[in-house]
Each structure stands twice: as structure tokens, then as C-alpha cells.
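Structure first, commentary second.
Where a number appears in this text, it was derived from the coordinates with a stated rule and is not lab data. Computed from a predicted model, the values in this text were never measured in an experiment. We place every Cβ from the backbone using ideal geometry, glycine too, and count neighbours over all the protein chains shown.
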Amino acid sequence: MSSDNAKIHPLFIVHDADAVPEEAPLPERRSESKEPSVCQFCFGSGMEVVQGKGARHCRCRTQNAQTKLLEAARIPRRYEQCRLDSYQPSNITQNLAWEGACRLVLDYPVVEDDKGLLFMGSVGVGKTHLAVAILQDLIRKKGVNCLFYEF
């Protein structure tokens, strides 16, 4: 206990109730321990009722799952800001690469003729930005398990 707290909350050892100094403060009532808050949408069940549509996985579980997937993807902090909507192509080939990245995310998991993407170019043109942006969008929009690997 810090010395400031000791001045506010003095400690008395009392063997005889009559020996308690008159200036001794009454013990403070401790607030009831609050139970963890329960989700207002699913009330802890994990399923959210949507009027006219039925039930779905609750958004609280979806957000938790998304956070875990992003952590498991092992995207370095320096790339966390890489998103498809923040990529700024400066020429036609960069724009084509961005369009291909957007199409891959949109069409996933059905990728035309089992084709993927290969980004080639000099340093600083946005290859890593687009690759990380694809991972983040697949995780956030489709719940896909992804892994960032740097060569």
C-alpha cells in the first residue's frame, strides 16, 4: 500500500473493542463484484435472433473469431494498415493488380481455373501491401484462416 493510501485508509490492530480510537474511520463497503457483462444480442448463447430471418452466429462471437484469425495470421505490425481500400495505384499495372486482388477476395473460395495471384515488380510498388490486404479482407469478410509468410 502506498504511503498516500496509508494516510487515507489507516490500519488499526485492535485487541479490545474499547481501545479503538474515536477518529478511526468506518470500513468502506466493498462494491459487489460485477459479473462479466453478457452480450446484449445473444445473452451469452452465441446465437443472435434476427427478426424475419431466424438465427445466426452472434456478432460478438464473429468479432472474437476475427480477432483470433488476425492474430493467427501473424501479420507484422508494420503491415497492419495495409487494406485494399487504402492501396493507391499510380499506374495501369498497379491498378490491374489491385483489381485482381479485389476480384480474388470477392470470388473466394471459387477462384477461376484454380488460379492464384503472383505479384512481381520492383521494390515499393505495393506487392506486400496487396498481399496483406488480401489476407486481411479474407479474414474480415469471409472468416478464412490465413497465414502471412515473409521470404
Once you order the gyration tensor axes a ≥ b ≥ c over the Cα atoms, which shape class does the stretch 77-151 get: rounded for a/c under 1.5, otherwise prolate or oblate by comparing a/b with b/c?
oblate
In nm, to one decimal, how far is the modelled label at K141 from the one at L96, with both set 7 Å along Cα→Cβ?
2.2 nm
Under 5 Å between amide hydrogens, which residues at least 5 positions from C39 or on another chain qualify, with H placed 1.01 Å from N in the peptide plane?
G44
Using a simple spin-label model with points 7 Å from Cα along the Cα→Cβ vector, what separation in nm is obtained for T62 and E80?
2.3 nm
